[in-house]
Every structure is written in C-alpha cells, then in structure tokens.
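In what follows, a single structure is set out as structure tokens and then discussed.
The values are calculated or read from the model by the stated rules, or taken from the named source; none is laboratory data. Remember, predicted model here, so these are calculated numbers, not experimental data. Reconstructed Cβ throughout: ideal geometry from the backbone, glycine too, with neighbour counts over all protein chains shown.
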C-alpha cells in the first residue's frame, strides 16, 4: 500500500473514526498476509503528522507499525531492483524528477511488489511524470486503486 492510499482512504471513503469497521477489516487482511506496506511508506505517513491537527490514521498506524510492514524488506535483490527503477527514471525523466521520485518510498514499494509477486495499491495516476503506474508498467508490476483492492479481497461492511 502506498502512503496516499492510507491517507486518502482515511479521509474520504473510510473516514476515521466513523468507518472503523473498514479499518478493522483492513487489519484482518494485513494479519492474513493479503495486504502489506513498506517501512518507508509508514515513515512517509508518520512524518506528515501535523502538530496542530492530529489525524486518526497517524495514531492507528503508529500502534500497528509492527504488522503493517515487514521490517526485513530491503534485501540485496530489492536494492538492485530499486537501482534499475532509478536508472529507468533518470533515463526517461531526467535528474530533477528522479531525485523527487526516489526521495520517497515508491521505488521500494514497487521493487517489493515485483519480488513478492504482488501489486501496488495507489491512488496515483500516470497523468504526471514519474508516478507509480508509469514505473509499474515498465517493470510489469500490477497496480490498483484502493477500491479495486477492496473488491478483490471481498470487502463487506455489513
């Protein structure tokens, strides 16, 4: 799961605390091994915490860090794929866009999805340069929206 799926999901379709039935279901999917994220994604979300206005998703993620992302994710093989992703980005989009893209968790998220034969869940589109869908297409990594993931996992809120 990309950071924007956590943040957007908790604000719009499944706002906290009103939609905790969704987040409880989501946690069950994590514990069942059907959903995961990357420790760098968790760091991105937690670093976005505003001091003047707390967001419930931050507290929820803080208390579940140990289950939301496997802490042993950055193997040598993963690092090699991240290098390939960075090279692709540099060749296709140039250094400025690549620096912006590689600062965050996205290359690591894509590399882990490739290694784990998974899919990246993101709300990004490929309408802007160097976005998750563009890189996923290049590396044949499936990607989907939060809604698509929920449908595939059989979400039922009743």
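Kindly provide the set of residues from the stretch 80-115 that are within 20 Å of residue 39 (Cα to Cα) and without any contact (Cβ under 8 Å) to a residue 12 or more places away in the chain, ordered by number. Listed by number, the residues that qualify are 80, 83, 99, 103.
For (1) closer than 13 Å to residue 70 by Cα; (2) touching a helix residue (DSSP H, G or I) at 6+ places or on another chain (Cβ under 7 Å); (3) touching a residue at least 12 places away in the same chain (Cβ under 8 Å); (4) not in a helix (DSSP H, G or I), each residue gets a yes or a no:
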site: 4; (1), (2), (3), (4): no, no, yes, no
site: 10; (1), (2), (3), (4): no, yes, yes, no
site: 13; (1), (2), (3), (4): no, no, yes, yes
site: 17; (1), (2), (3), (4): no, yes, yes, yes
site: 24; (1), (2), (3), (4): no, no, no, no
site: 27; (1), (2), (3), (4): no, no, yes, no
site: 33; (1), (2), (3), (4): yes, no, no, yes
site: 44; (1), (2), (3), (4): no, yes, yes, no
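Note on the stretch 118-147: residues that are outside any helix (DSSP H, G or I) and either surrounded by 14 or more Cβ atoms within 10 Å (Cβ to Cβ) or at pLDDT 95 or above (or both) total 18.
Scanning the stretch 96-117 for residues that are under 23 Å from residue 150 (Cβ atoms) and in a loop (DSSP other than H, G, I, E, B) gives 105, 116, 117. Of the residues making up the stretch 96-117, just one is buried (at least 21 other Cβ atoms within 10 Å of the Cβ) and over 20 Å from residue 5 (Cβ atoms), namely 98.
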